[in-house]
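Notes follow the structure.
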Amino acid sequence: MNSSLTIIPPKNLINKFFSKSLNPMAISKIEDGTYIEVNEAFTKITGLRRQELIGQTSVGIGHITPEQRLVIINAIKEKGYAQNIELEVRVKNNKFISELFNSSIINRGKDDFMLTVITDITKRNRAEEARQNNILFESLTAIAGTGVGVILIRGHHRQQPHPIFINDEARRAINGRPVKDLLDAIAGYEPAYFHTETSCYRVKTNLTHHNPPLKIILLEPQPDSVCIQASLKNYNLSRRQEETALLAVTGHSNREIAEKLFITEYTVKDHLKGIFQKIGVHSRSELCPKILGWL
């Protein structure tokens, strides 16, 4: 037997494999993505008949975006093929699923076409996401009892972000207020501070590796003086005024402030007058609530 003999499957067998494959398959023009042939599985996943697909483009029917098609084309230009490119695509009923794209070049006469085989990996991704969520929730739950508040948010860029996990410490901290209030309070600032009438928290945020990412918010309890000192930075006070204000709101008398700062009581009164004007209050009793945003 000649070991170098190549056996070429009959053309009708190739055609049958293409048409009856369980994986969606399509042949399209490389230059613009126009479909010239699709199999039965491809029509099922798109919800369009073969006659509706032939002559249309992948971008035109909304299956993928121009940017996604460019990813595939660039891979083909670089390697001669596109292998295991994961994309989130639109299918029938306007649902979005995760698919793996594998594309290679086929020649027909003078023209080059692209054979694309698609694998639906939505169930696999959801199973992996569920596994990651389980690990994440177990880790977040383990924080319970440490005093740190934990909030996990999906869609943190939306008008109404959706918290999918809040531990007891965080629930006590926000005390029924919308999570969006917390996001607005810390927007753009790291580290940020969140104040309630009973507690002060330093806020840290992070994103998970989920797709799309989830936002983790950690609320770490802090002494009141830390939050007060951070808030005083918003009022354009001088260094000495900040020191005086911090001591005043933490219960020190004018005499005690004078002794700690090595200044006279008259100077303390003068500093307080300037502090009241800049912060917009009239007395010591209004100073702390104003600084912490309670007024």
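The values are calculated or read from the model by the stated rules, or taken from the named source; none is laboratory data. Keep in mind the model is a prediction, meaning the values are calculated, not measured. Because the Cβ atoms are built from the backbone with ideal geometry, glycine has one as well, and the counts that use them run over all protein chains shown.
Test Glu243 against the criterion of being within 30 Å of Val148 (Cα to Cα), charged (D, E, K, R) and at pLDDT below 80, and give yes or no.
No; evaluated as a whole, the condition is false for this residue.
If Tyr235 meets every condition in (1) over 27 Å from Leu182 (Cβ atoms); (2) surrounded by fewer than 16 Cβ atoms within 10 Å (Cβ to Cβ) apart from one, which number is that one?
With respect to (1) over 27 Å from Leu182 (Cβ atoms); (2) surrounded by fewer than 16 Cβ atoms within 10 Å (Cβ to Cβ), Tyr235 is out only on (1).
State which residue is surrounded by the fewest Cβ atoms within 10 Å (Cβ to Cβ) when the search covers only region 41-58 and only residues that are out of contact with any Leu (no Cβ under 9 Å at 6 or more places or on another chain) and closer than 12 Å to Lys29 by Cβ.
The selected residue is Gly55.
So is Arg69 more than 18 Å from Asp120 (Cβ to Cβ), over 33 Å from the mean Cα position of the chain (by Cα) and basic (Lys, Arg) or not?
So Arg69 does not fit the description; no.
Taking interchain pairs and intrachain pairs at least six residues apart, which have beta carbon atoms under 8 angstrom, with the first residue in region 72-94 and in the same structural domain as Leu115 (by TED's automatic domain parsing) and the second among the small types (Gly, Ala, Ser) and in a helix (DSSP H, G or I)?
Here the result reads Tyr81/Ala75; Ala82/Ala75; Gln83/Ala75; Ile85/Ala75, each pair linking region 72-94 to a residue that is among the small types (Gly, Ala, Ser) and in a helix (DSSP H, G or I).
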